[in-house]
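Read the structure below first, then the notes.
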Amino acid sequence: TIVTVWVQQTPSGTWQVVDNASGKLRTEGGLAVPAHQKCCVVKDLGMVHSVAITCKNKVGWSARSTAQAQIVHVQFPIKALSPVTCPYFLSCREFVNSFVNLSEQKFCMDGDHCYCPECHKRRGDASAYKRGSPPATYALPIGWGRFGIKVGDEHALALKQWHVCYHGTSLGALHGILHSGGLKAPGSKLNGRDEVRTVEGHYVQTFTRMNRFTKVKEEFDPRQIFVSPSIEYVSWKEVYCKSIRFDGKEFKVALQLRIKPGTYNIGQQTVSSQNENIHPNMFSNDELEWYTKNDTALVVTGLLVKFQDAPNSTNNNAAA
């Protein structure tokens, strides 16, 4: 992404360009500006939403002061920047940009959304909604930042009639999912090469169990694609979503999808041996897993990211 900023020359001849949202220095200069031009052009600032000019006086660098310098013009590429400016979302975006280019064709910034508690409260959204035909309940991903992923015209119907669900994943697996275009069942090939593996510690062979949702015995094959209407379930502890340390924080990634009604089964949770309610007041533990072998019945619509401060963090670029 190229952001061009024209900076008017200051009396001191020294200036800095700062990202308003993060407060980070982007570039600086001044003396190289020809006096007769009165302004200079700064390029390659990266993904910034807005900038501030600070200038040096006798005391030192002023904070966000534009008294001696001002932005003459800021030119952003069309659709180069997300409309979401929440600091929490911007931190999520910085993390995502460390491993994928959000300006790539597969991403759709119109689908960017911040679900941090502050933004959620300000909008007055409910905590859950119904989508699809017939309608099915899904929980909003409160506490996460969402980055939209383009859906082809062939899946336009999915956005109107299919159910909303989530899939927890790791950073390593995410690369394969994004580049292959969707989820695959264990044993399948990604890009014709790497085989999708069952999550370590999970069952790999078919076994008989009582489905606590349907109250019927079933031959349960764990080599399927698993999703859930609950973001809390797919991000439960470190089962599916593996924490990644970056810039003094612990991040997790997940996917938001649409799944075709009638193509999946519903069953009980399988991530905890304890008698604990994983998503209380919304879902029973007996309905938290949706599973299917039909990878064409799923469409990825968004990348989800959340973070918290990392305890005793020493590696600030684990995702790089």
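The values are calculated or read from the model by the stated rules, or taken from the named source; none is laboratory data. Keep in mind that this is a model prediction, so the values were computed, not measured. Backbone-built Cβ (ideal geometry, glycine too); neighbour counts: all protein chains shown. Surface areas here come from the heavy atoms of the whole protein model, side chains and all, with no ligands, DNA or RNA. Shrake-Rupley method; radii C 1.70, N 1.55, O 1.52, S 1.80 Å.
Scanning the range 216-239 for residues that are open to solvent by 10 Å² or more (accessible area, probe 1.4 Å), closer than 27 Å to Glu154 by Cα and in a strand (DSSP E or B) gives a single hit, Phe226. One residue alone among Cys108, Cys114 is surrounded by 17 or more Cβ atoms within 10 Å (Cβ to Cβ), without any contact (Cβ under 8 Å) to a residue 60 or more places away in the chain and among the hydrophobic types (A, V, I, L, M, F, W, C), and that residue is Cys114. Of all residues in the range 240-268, those being in a loop (DSSP other than H, G, I, E, B) and out of contact with any His (no Cβ under 9 Å at 6 or more places or on another chain) number 8. Take the residues in the range 260-289 that are within 27 Å of Gly181 (Cα to Cα) and in contact with a helix residue (DSSP H, G or I) (Cβ under 6 Å, 6 or more places away or on another chain); name whichever of them is least open to solvent (accessible area, probe 1.4 Å). Of everything passing the filter in the range 260-289, Leu288 is least open to solvent (accessible area, probe 1.4 Å).
The conditions of being more than 18 Å from Val299 (Cα to Cα), open to solvent by 10 Å² or more (accessible area, probe 1.4 Å) and touching a residue at least 40 places away in the same chain (Cβ under 8 Å) are not met by Ala136. Val271: of a type outside the set (Lys, Arg) and assigned to a loop (DSSP other than H, G, I, E, B), yes or no? Answer is yes for this residue. Count of the range 153-170 residues, restricted to those that are of a type outside the set (Lys, Arg), open to solvent by 30 Å² or more (accessible area, probe 1.4 Å) and out of contact with any helix residue (DSSP H, G or I) (no Cβ under 9 Å at 6 or more places or on another chain), is 8. Checked against the criterion of being touching a strand residue (DSSP E or B) at 6+ places or on another chain (Cβ under 8 Å) and of a type in the set (Asp, Glu), the candidates Asp112, Asp153 yield just one match: Asp112.
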